[in-house]
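Below you'll find the structure, written out as structure tokens, and then a few comments.
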Amino acid sequence: MINLDSPLGIAVLVIVVALLIVAVSTFFLRRDRVKKVDDAASRALRPRVDEATGETAASAIDDDAVAIEIADESSPTAAAQPEVETPEPVLGRFTRLKARLARSGSPLGAKLLAVLSRDTLSDDDWDEIEELLLLADIGAGPALDLVEELRTEVRVKSISGAAEVRALLREKLVALVGPDMDRSLNLAPQILGDGTRKPAVLLVVGVNGAGKTTTVGKLTRVLVAEGKSVLLGAADTFRAAAADQLTTWGNRVGVETVRSDREGADPASVAFDAVKQGSAAGIDVVVVDTAGRLQNKTGLMDELGKVSRVIGKEAPLSEVLLVLDATTGQNGLNQARVFTEVAGVTGIVLTKLDGTAKGGIVVAVQKELGLPVKLVGLGEGPDDLAPFEPEQFVDGLLGE
Ligand SMILES: Nc1nc2c(ncn2[C@@H]2O[C@H](COP(=O)(O)OP(=O)(O)O)[C@@H](O)[C@H]2O)c(=O)[nH]1
Ligand SMILES: [Mg+2]
């Protein structure tokens, strides 16, 4: 035994007691940390809960996917969650937002009406109509064709009166925008050859500042409003701020973001992780945001090509959405073409249509790229993204 009479014995006793204290406190600290990690993991996998009914979203997670903790108001983790917003319903969004098309200094409708209300339309009048359509960025070819058709029909059917000509113009514009194009997003769960169920995977691409991250944020709200479970992937790894921006959007509607804690991490591996985690958790839709550097075509091709290839190892891509800034007009189209060449784009999101009088760019973009505009951004508000509706769009353009 230790001899407490000797100084050596006392010293040994002190050391033994100190070691015991260190061991006990380490044990408790570790237990606390493991619990925190578990809490974070279960939060990431928790399905959305309908606030009104307390039921999990119908489309949420299969019973057999992963053990999932259902949010409970009384549980400490639920209490620690930031307040989750309820996004606006998707139906009728375009109708709400279409007035913004005309508000952005686009009195196309008013100007056209002024010309059309002249008694008989002269060559100059028709030229003026063509010019107005050109100013709205419809593109030279379509503007010329439209005026020719309109002119012929007015003559052949001996149509007179501004209202009738305007109705005909509206009809022609709707036809030009393509009312029959498939603008739906492919959000179906994917069943692979071996029977495994994978989430729908959406990849969002486009140049810097086009509105990609904002669109992913708004789109997440659209999906949440439709009862889907969503996971985000922050594959813009060049700036930590980009991942923060995305995480903030997700947090507002209770959606987790997979990100790297290191700036400059490999975007393809972040994208892969997001899809892998989404699959494991039985998530409905994984949306991957990317960086928009357009240094040169080869660099972009390599990087985006790698991102989609690597994602493909986990699940096929359901949609590749190209985000285009409508205010860049025809100039943006050349850059856009590069993306369609390298990234297998399936649809266009046209942003900032609220900030331009050149709404006709919708026609030009679809014609040039041969792809449908699926969604449009009409403001900086969180729910200012709407599925594109040709008739409503033309009415907005004409200021109706
Ligand atoms: N007015 C307006 N601004 C938008 C719209 N979409 C995005 N923005 C703004 O465009 C800027 C760049 O957006 P961001 O998503 O960061 O672009 P990214 O670099 O492509 O990810 C931000 O200030 C957004 O608020 C839109 O539909 N209308
Ligand atoms: Mg971004």
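Would it be correct to say that Thr220 is buried (at least 20 other Cβ atoms within 10 Å of the Cβ), at pLDDT below 95 and away from ligand 1 (no atom under 11 Å from the Cβ)?
So Thr220 does not fit the description; no.
Tell me yes or no: at least one residue of segment 317-338 is among the basic types (Lys, Arg) and surrounded by fewer than 16 Cβ atoms within 10 Å (Cβ to Cβ).
Taking every residue of segment 317-338 in turn, at least one turns out to be among the basic types (Lys, Arg) and surrounded by fewer than 16 Cβ atoms within 10 Å (Cβ to Cβ).
Might you check whether a residue that is within 14 Å of the chain's Cα centre (by Cα) and assigned to a helix (DSSP H, G or I) occurs anywhere in segment 176-187?
Checked segment 176-187: no residue is within 14 Å of the chain's Cα centre (by Cα) and assigned to a helix (DSSP H, G or I).
Could you pull out the residue among Leu192, Leu168 that is crowded, with 16+ Cβ neighbours inside 10 Å and aliphatic (A, V, I, L, M)?
When all the criteria are applied, what remains is Leu168.
If I filter segment 194-207 for residues that are in a loop (DSSP other than H, G, I, E, B), within 13 Å of ligand 1 (Cβ to nearest atom), in contact with a helix residue (DSSP H, G or I) (Cβ under 8 Å, 6 or more places away or on another chain) and closer than 24 Å to Val363 by Cα, do I get at least one hit?
yes
What pairs come up if the first residue lies in segment 197-218 and is on the phi > 0 side of the Ramachandran plot, the second is basic (Lys, Arg) and within 9 Å of ligand 2 (Cβ to nearest atom), and their beta carbons are under 8 Å apart, counting only those six or more places apart or on different chains?
That search, which allows pairs on different chains as well, returns Gly206/Lys212.
To keep it simple, each residue is scored yes or no on (1) farther than 12 Å from Leu203 by Cβ; (2) in contact (Cβ under 8 Å) with a residue 40 or more places away in the chain.
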position: Gly299; (1), (2): yes, no
position: Ser308; (1), (2): no, yes
position: Ile311; (1), (2): no, yes
position: Val320; (1), (2): no, yes
position: Val323; (1), (2): no, yes
position: Gln330; (1), (2): yes, yes
position: Asn334; (1), (2): yes, no
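The values are calculated or read from the model by the stated rules, or taken from the named source; none is laboratory data. As the structure is a prediction and not an experimental result, all values here were calculated from the model. Virtual Cβ from ideal backbone geometry, glycine too; neighbours counted across all protein chains shown.
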